[in-house]
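The values are calculated or read from the model by the stated rules, or taken from the named source; none is laboratory data. Fair warning: this is a prediction, and the values are worked out from it, not measured in the lab. Note that each Cβ is placed from the backbone with ideal geometry, even for glycine, and that neighbours are counted across all protein chains shown.
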Amino acid sequence: MAATNGKQKPKEFQFNLNLRNVFLILFVLLFLFYAYKAVSSGIKQALPEKPLTTVIQEAKQGKIKKVEVIDNRILVYYKTDNSMAVTYKETADSFTKILQDNKVNLNSLEVSVQDTQDATGLANLLGNLLPTILMVAFFIFLFRQAKGAQDSVFSFGQSRAKKFSKSMTKTTFKDVAGVDEAKKELEEIVDFLKHPEKYKKLGARTPKGVLLVGPSGCGKTLLAKAVAGEANVPFFSIAGSEFMEMLVGIGAARARDLFDNAKKSSPSIIFIDEIDAIGRARSVGVMPAHDEREQTLNQILVEMDGFTPNEQVVVIAATNRGDLLDSALLRPGRFDRRIVVDYPDVEGRKAIAKIHALGKPFDGSVNWDKVAKRTVGFSGADLENMLNESAIYAARAGRDKINSEDIEEAATKVKLGPEKKRLQSDFDKKLTAYHEAGHAIVSHFLLHTDPVHRISIVSRGMALGFTLIPPANDKLHETKTHLTEQIAVMMGGRAAEEVAFNEITTGAANDFDQATNIAKAMVVEYGMSSLGPINFGPTMDVTEWGKSYFDQSTISQEMMAKIDNEIKKIITAGYDQAINLVKSKRDLLDKVAETLIKKESLDGDEFEKIVGDKKFVNTLTR
């Protein structure tokens, strides 16, 4: 906001005399006219009415002080009690002459006559014309609205893309971290558009399209904003869903209009967010077709690489479902570059956290290396949300700086939800404590599982408690040993319930769901069972035109039974392993559960003080 010298220039009143204002003025005038008539009528009805002969007789007796004659209405003011009355005469008669004819002394009486013929004529004219004028204005207003709606029908085919310039966005590549490879690719695109002659003299062609693929929250849209901030060229941004409308052919028309505008402004960049809304694989008759979506896709394919030259216009698209896109859209010449924007590694998370930490005060307890290792599996959006929640926690506690406890609580909230101080009975609290202690004990004493980070019996989300075991480092591969031990950890809660109470409850339902999914993937997808390295899951049917549709592989009933048996064997083995560990470490299980009942939460260091240090062995390096 521009600075001022403490004085503000008074705003000038401006009145726009358009049809709406005229309509409003006429309505107000009509309202005032009828309000005046209603008030006048009310006053008239409030005064007592007397016959004219009675008023003349009272005038002879000197009881009347003043008389006001208004047309045929006569207002009478009395001397004694200052009361009033009303009487009426013939319109053509003169009240003064009537008094003279009846020998009333006019010197003792004040008579005033008001001529309202012109005002009455104007009022009658307004009363007759105003309703007609209002009706005409109302119909004109309706016709203009209908005309605007008709014009909007013809504007459906215009692109809904928002045009940005360098001055309209403040995001640059300095604001993006954790995706260095993607930044480098997009920096080259920006350089192509800024200095095309440098590449043309070597025979290089400007890439026509860049496809950003990756999970939600990892920075695809942020990268596009950074391109808009870095490129000194027009930037058109549109979502895939904005091409689709209820009218047939609108999507294709908008695609044409978008590329026409981009070509007129070339060199330029087009950004299409969530392109899978229109770029899904076209059907070949097996799956139902969506003609409008396919027409839009066909138009985009032609615009990106057709007979019409399309140089100096680069298309950047983002999606988190790259496997569903049409093969014709993915080929070189349309999207020349396919960039995977995945979850950041430990260095990426550290850099992202530092960017979002700008403008927030932190005390000396915050260690960014620890924060980066603690947040394995967090996306950039998760990290931003975590630091924002930590600032809220610190402000709520009345502190001036954010500490490590605020960040830890915020990280737990981002992944598991806020705390819920539910009223639990002593038995429920004890049951939850043993359940979570079972998970922790099994994880701690297995060699290939990660260290326990935190245990709590405070409810979060839908869970009555949780045992947090984040990966010790970023893993690119999973081993069979680690997966089977993960299943044993998930069975640890049920195993602890059975050992401690000789009873089972419904609290392990989510554990079973996760364990079954892992075991099923081991058998069906990863070939980690006695059935051999065979994929029994659904696959994409591949035709000569490329990917077309999903097809559920035909598996015999006998093979399905074998798959079920293998899944059961894996889960049963994990459960038996958990039972044996919990029984052998029963004294430690009781200590951890009792401590949880007292303190409600234990961090990793407190837990290891009870059970000892964790022995961790990497399967691939031992």
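Is it true that some residue in region 477-488 is closer than 22 Å to residue 594 by Cβ and not basic (Lys, Arg)?
In the first step, residues of region 477-488 are kept if they are closer than 22 Å to residue 594 by Cβ; the result is none.
Scanning region 477-488 turns up no residue that is closer than 22 Å to residue 594 by Cβ and not basic (Lys, Arg).
Restricting to region 302-318, name every residue that is surrounded by fewer than 19 Cβ atoms within 10 Å (Cβ to Cβ) and either at pLDDT 80 or above or aliphatic (A, V, I, L, M) (or both).
Selection gives 302 alone.
Could you say which residue among 169, 116 is at pLDDT below 70 and closer than 30 Å to residue 60 by Cβ?
Answer to the check: 116.
Count, please, the residues in region 199-225 that happen to be touching a Phe, Trp or Tyr at 6+ places or on another chain (Cβ under 9 Å), of a type in the set (A, V, I, L, M) and either part of a helix (DSSP H, G or I) or surrounded by fewer than 14 Cβ atoms within 10 Å (Cβ to Cβ) (or both).
3
Output the residue which, of all residues in region 540-579 that are β-branched (Val, Ile, Thr) and modelled with pLDDT under 85, is farthest from residue 496 (Cα to Cα).
543
Give the residue, chosen from 231, 177, 182, that is within 20 Å of residue 379 (Cβ to Cβ), among the small types (Gly, Ala, Ser), crowded, with 16+ Cβ neighbours inside 10 Å and touching a Leu at 6+ places or on another chain (Cβ under 8 Å). Before you say what the answer is, go through the steps one by one.
Working: 231 fails: within 20 Å of residue 379 (Cβ to Cβ); 177 fails: touching a Leu at 6+ places or on another chain (Cβ under 8 Å).
Answer to the selection: 182.
Return yes when residue 346 is at pLDDT 85 or above and more than 24 Å from the chain's Cα centre (by Cα) and no when it is not. Give the derivation first.
Working: at pLDDT 85 or above: yes; more than 24 Å from the chain's Cα centre (by Cα): yes.
The answer is yes for residue 346.
Restricting attention to region 397-408, which residues are surrounded by fewer than 17 Cβ atoms within 10 Å (Cβ to Cβ) and either at negative phi or part of a helix (DSSP H, G or I) (or both)?
Initial filter on region 397-408 (surrounded by fewer than 17 Cβ atoms within 10 Å (Cβ to Cβ)): 397-401, 405.
Correct list: 397, 399, 400, 401, 405.
Considering only residues of region 512-539 that are surrounded by fewer than 16 Cβ atoms within 10 Å (Cβ to Cβ) and of a type in the set (A, V, I, L, M), which is farthest from the chain's Cα centre (by Cα)?
Residue satisfying both the conditions and the ranking: 531.
Among the residues of region 320-335, is any crowded, with 18+ Cβ neighbours inside 10 Å, in contact with a Lys or Arg (Cβ under 7 Å, 6 or more places away or on another chain) and part of a strand (DSSP E or B)?
Within region 320-335, one or more residues are crowded, with 18+ Cβ neighbours inside 10 Å, in contact with a Lys or Arg (Cβ under 7 Å, 6 or more places away or on another chain) and part of a strand (DSSP E or B).
How many residues does region 197-228 hold that are under 20 Å from residue 336 (Cβ atoms), touching a residue at least 12 places away in the same chain (Cβ under 8 Å) and of a type in the set (Ser, Thr, Tyr)?
Counting residues in region 197-228 that are under 20 Å from residue 336 (Cβ atoms), touching a residue at least 12 places away in the same chain (Cβ under 8 Å) and of a type in the set (Ser, Thr, Tyr) gives 1.
Looking only at region 483-511, filter to residues that are among the β-branched types (Val, Ile, Thr) and in a helix (DSSP H, G or I); which one of those is surrounded by the fewest Cβ atoms within 10 Å (Cβ to Cβ)?
The initial filter retains those residues of region 483-511 that are among the β-branched types (Val, Ile, Thr), namely 484, 487, 489, 499, 504-506.
Narrowing the set further to residues that are in a helix (DSSP H, G or I) leaves 484, 487, 489, 499, 506.
On the way: 484: 20, 487: 24, 489: 27, 499: 18, 506: 5.
Here the residue is 506.
Name the single residue that is modelled with the highest pLDDT among those in region 42-69 being surrounded by 14 or more Cβ atoms within 10 Å (Cβ to Cβ) and over 18 Å from residue 100 (Cα atoms).
50
I'd like the full set of residues that are within 28 Å of the chain's Cα centre (by Cα) and among the charged types (D, E, K, R), limited to region 203-220.
Our first condition is that a residue be within 28 Å of the chain's Cα centre (by Cα); within region 203-220, this holds for 209-220.
Within region 203-220, just 220 meets the criteria.
Going through region 437-482 one residue at a time, which ones are β-branched (Val, Ile, Thr), more than 36 Å from the chain's Cα centre (by Cα), in a loop (DSSP other than H, G, I, E, B) and buried (at least 18 other Cβ atoms within 10 Å of the Cβ)?
At the first step, the residues of region 437-482 found to be β-branched (Val, Ile, Thr) are 441-442, 449, 452, 455, 457-458, 467, 469, 479, 481.
Checking the rest, the ones that are also more than 36 Å from the chain's Cα centre (by Cα) come to 441-442, 449, 479, 481.
If we keep only those that are in a loop (DSSP other than H, G, I, E, B) as well, we get 449, 479.
449 - this is the single residue of region 437-482 that is β-branched (Val, Ile, Thr), more than 36 Å from the chain's Cα centre (by Cα), in a loop (DSSP other than H, G, I, E, B) and buried (at least 18 other Cβ atoms within 10 Å of the Cβ).
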